[in-house]
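Engineer: Input: one structure, supplied below.
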Ligand SMILES: Cc1cc2nc3c(=O)[nH]c(=O)nc-3n(C[C@H](O)[C@H](O)[C@H](O)COP(=O)(O)OP(=O)(O)OC[C@H]3O[C@@H](n4cnc5c(N)ncnc54)[C@H](O)[C@@H]3O)c2cc1C
Ligand SMILES: Cc1ncc(C[n+]2csc(CCOP(=O)(O)OP(=O)(O)O)c2C)c(N)n1
Ligand SMILES: [Mg+2]
């Protein structure tokens with residue numbers, strides 16, 4: 001049958017199983033919007049800023065196993081989307097972005113709302129396509145989905161000039177799965193390398209399991225749990241991996257890195273065999289690589305992206321493949337080789353427990369000032385530890401990661417690699433569209449929330465009801481903390497003067513606002529939000545202790561074990 005490009009695009013999206021598209025219209029995409037109007041196979045969610053469309057599609061993907069989709073117009077629509085695309089790229093999130101483009105005949109002529117979207121996004125997409133012939137459109141969209149979700153996932157952009165959306169051609173629905181000769185990611189690990197890993201693990205006296213976002217992306221939590229039980233070794237999840245292993249289990253030693261636990265960092269540094277699973281030795285995790293390299297240890301690294309291997313730290317046993325496939329083979333080989341001797345690592349556990357006894361996460365409560373950590377702990381109690389929690393970027397993000405013990409994967413949604421302020425609220429929209437019956441909380445700061453606060457309007461339109469917990473310290477707190485520690489307490493432009501009255505502001509958007517100033521009111525307010533106001537968006541403005549810092553902390557350039565545990569170390 002013959003269809004125009006807009007019809008083909010809409011059909012292809014629906015055929016991919018897309019149920020929600022986050023977007024914002026404009027001249028270059030009006031034929032596409034006209035087709036969206038005529039169909040009922042997926043829902044379009046009209047955001048208030050293109051950045052939020054991309055973040056929402058990104059979180060839709062993070063919190064489900066689906067590929068998030070967004071649609072923006074040419075020029076400013078595309079440039080507004082860039083922060084969202086770069087955010088997803090840094091965290092390896094599968095996503096398809098459709099952008100409108102000026103008609104092919106005028107590309108390069110400074111046409112109205114023209115920008116070089118392919119050029120601008122090239123460094124922050126897994127791949128991008130400019131469609132130059134309507135005959136290529138359907139196959140390009142199918143390839144975009146295939147590339148986004150296979151191998152190391154990532155955002156893929158399809159730039160569609162306006163004339164392509166009205167040009168006609170014969171349309172044939174897909175008959176076979178996409179295959180590409182030039183792109184064939186390896187999923188199965190090399191059996192010889194897996195054997196070497198088994199031998200190392202069997203010989204380990206001080207084994208350590210370091211896991212990351214790759215375990216979540218691979219849906220390999222069950223396999224990870226099995227491996228940890230078999231090895232009986234301490235396990236840590238990076239900020240991106242939280243929830244892949246249950247935080248309430250004894251073998252879990254907390255998050256590693258700059259704001260990781262004392263026990264996780266000490267174990268990372270003093271182990272003799274480190275198995276890294278879907279984690280990329282980020283600078284926020286290993287600290288100064290020279291310091292990290294000082295201690296001799298054997299490293300096994302499982303990653304689907306060969307370019308991740310030995311990128312920052314030289315490893316001894318690289319295994320390229322999908323975490324799930326590789327762990328299944330590793331567990332089978334380990335069992336066939338008689339497993340490991342748990343008694344042999346008892347002295348190592350004694351050491352780890354001694355580190356844990358430092359109780360680095362303790363904090364002092366106050367009758368007068370609301371402690372941000374306590375707000376997060378109370379949220380955990382009220383939601384039974386089972387909510388989807390999105391966060392923005394700053395101190396509040398770290399407290400959310402440290403004090404909301406995630407026991408399931410895909411519940412913790414945040415920007416790790418790019419560290420993008422403003423993601424929290426649009427992330428909650430994407431999460432709730434993908435998980436309509438679940439509790440969704442946003443942990444944010446008064447700085448971050450203002451970067452996408454217009455999305456309160458989108459939430460009202462679509463009856464989205466996340467509970468927004470604003471840890472309002474009247475500071476760009478994370479910046480203030482660095483200025484206190486590294487810049488002689490010169491608080492240059494990190495104080496938030498002239499804040500809006502958030503209660504009135506959210507009420508103006510049609511939601512419920514609560515201001516909480518006393519510690520005794522924290523729990524009742526959170527209970528009210530998740531009880532009486534379950535179906536409403538509630539903004540809880542917690543006026544918190546301004547001087548609180550995130551501990552532990554490894555200063556930039558310092559070694560992983562050179563941690564400051566509290567203000568006494570300043
Ligand atoms: C304010 C702030 C503070 C931070 N502090 C910390 C901190 O203290 N501790 C911390 O941990 N992080 C911290 N981060 C986050 C940090 O910047 C990195 O984003 C994070 O550490 C990277 O996590 P990861 O190593 O799990 O990698 P990810 O970015 O999640 O990468 C996943 C890896 O897995 C691989 N992979 C993907 N899919 C598969 C698959 N199917 N099979 C196999 N491999 C796969 C990828 O190729 C990649 O190498 C902080 C961020 C911010 C904004
Ligand atoms: C878009 C963007 N701009 C700047 C930064 C740098 N930055 C990181 S944390 C932070 C402060 C965040 O303040 P707030 O949201 O109030 O959170 P708090 O740290 O006070 O909890 C800033 C400015 C960033 N991460 N993202
Ligand atoms: Mg703040």
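The values are calculated or read from the model by the stated rules, or taken from the named source; none is laboratory data. Bear in mind that the values here come from a model prediction, so they are computed numbers and not experimental data. Methodologically, a virtual Cβ is constructed for each residue, glycine included, from the backbone with ideal geometry; neighbour enumeration extends over all protein chains shown.
Engineer: Going by the conditions given, is residue 301 assigned to a loop (DSSP other than H, G, I, E, B) and either touching a strand residue (DSSP E or B) at 6+ places or on another chain (Cβ under 7 Å) or under 23 Å from residue 153 (Cβ atoms) (or both)? Show your work before the answer.
Structural biologist: Numbers: assigned to a loop (DSSP other than H, G, I, E, B): no; either touching a strand residue (DSSP E or B) at 6+ places or on another chain (Cβ under 7 Å) or under 23 Å from residue 153 (Cβ atoms) (or both): yes.
For residue 301, the condition - assigned to a loop (DSSP other than H, G, I, E, B) and either touching a strand residue (DSSP E or B) at 6+ places or on another chain (Cβ under 7 Å) or under 23 Å from residue 153 (Cβ atoms) (or both) - is not met.
Engineer: Determine whether region 114-122 contains at least one residue that is part of a helix (DSSP H, G or I), surrounded by fewer than 16 Cβ atoms within 10 Å (Cβ to Cβ) and outside the structural domain of residue 332 (by TED's automatic domain parsing). Lay out the reasoning, then the answer.
Structural biologist: Residues of region 114-122 that are part of a helix (DSSP H, G or I), as a first pass: 117-122.
Next, only the ones that are surrounded by fewer than 16 Cβ atoms within 10 Å (Cβ to Cβ) stay: 119, 122.
From what's left, outside the structural domain of residue 332 (by TED's automatic domain parsing): 119, 122.
Looking for residues that are part of a helix (DSSP H, G or I), surrounded by fewer than 16 Cβ atoms within 10 Å (Cβ to Cβ) and outside the structural domain of residue 332 (by TED's automatic domain parsing), one finds at least one in region 114-122, hence yes.
Engineer: Among residues belonging to region 372-394 that are part of a loop (DSSP other than H, G, I, E, B) and more than 13 Å from ligand 2 (Cβ to nearest atom), point out the one that is surrounded by the fewest Cβ atoms within 10 Å (Cβ to Cβ).
Structural biologist: Filtering region 372-394 for residues that are part of a loop (DSSP other than H, G, I, E, B) and more than 13 Å from ligand 2 (Cβ to nearest atom), the one surrounded by the fewest Cβ atoms within 10 Å (Cβ to Cβ) comes out as 384.
Engineer: Checking the structure you have, find out if any residue of region 161-183 is within 16 Å of ligand 1 (Cβ to nearest atom) and buried (at least 21 other Cβ atoms within 10 Å of the Cβ).
Structural biologist: No - not one qualifying residue is present in region 161-183.
Engineer: Could you pull out the residue among 88, 53, 81 that is within 16 Å of ligand 2 (Cβ to nearest atom), closer than 15 Å to residue 26 by Cβ and buried (at least 21 other Cβ atoms within 10 Å of the Cβ)?
Structural biologist: Answer to the check: 81.
Engineer: Considering only region 351-368, state which residues are surrounded by 14 or more Cβ atoms within 10 Å (Cβ to Cβ) and under 30 Å from the mean Cα position of the chain (by Cα).
Structural biologist: Hits for region 351-368 are 352, 355, 356, 358, 360, 361, 363.
Engineer: Within the bounds of region 158-170, is there any residue that is under 30 Å from residue 279 (Cα atoms), modelled with pLDDT of 95 or more, touching a helix residue (DSSP H, G or I) at 6+ places or on another chain (Cβ under 7 Å) and not in a helix (DSSP H, G or I)?
Structural biologist: Checking region 158-170: at least one residue is under 30 Å from residue 279 (Cα atoms), modelled with pLDDT of 95 or more, touching a helix residue (DSSP H, G or I) at 6+ places or on another chain (Cβ under 7 Å) and not in a helix (DSSP H, G or I).
Engineer: Would you be able to tell me the number of residues in region 381-393 that are within 12 Å of ligand 3 (Cβ to nearest atom) and more than 10 Å from residue 443 (Cβ to Cβ)?
Structural biologist: Summing the residues that are within 12 Å of ligand 3 (Cβ to nearest atom) and more than 10 Å from residue 443 (Cβ to Cβ) in region 381-393 gives 1.
Engineer: Looking at (1) part of a helix (DSSP H, G or I); (2) surrounded by fewer than 21 Cβ atoms within 10 Å (Cβ to Cβ); (3) within 12 Å of ligand 2 (Cβ to nearest atom), which is the only condition residue 419 fails?
Structural biologist: Going through (1) part of a helix (DSSP H, G or I); (2) surrounded by fewer than 21 Cβ atoms within 10 Å (Cβ to Cβ); (3) within 12 Å of ligand 2 (Cβ to nearest atom) one by one, residue 419 breaks only (1).
Engineer: I would also like to ask the following. Does region 506-515 contain any residue that is crowded, with 17+ Cβ neighbours inside 10 Å and under 23 Å from residue 84 (Cα atoms)?
Structural biologist: Scanning region 506-515, I find no residue that is crowded, with 17+ Cβ neighbours inside 10 Å and under 23 Å from residue 84 (Cα atoms), so the answer is no.
Engineer: Residues that are in a helix (DSSP H, G or I), within 13 Å of ligand 1 (Cβ to nearest atom) and over 18 Å from residue 475 (Cβ atoms): does region 396-403 have at least one?
Structural biologist: yes
Engineer: Would you kindly identify the strands (runs of 3 or more DSSP E) lying entirely within region 434-519 that contain at least 2 residues that are within 15 Å of ligand 2 (Cβ to nearest atom) and either modelled with pLDDT under 95 or touching a strand residue (DSSP E or B) at 6+ places or on another chain (Cβ under 8 Å) (or both)?
Structural biologist: 440-444, 467-472
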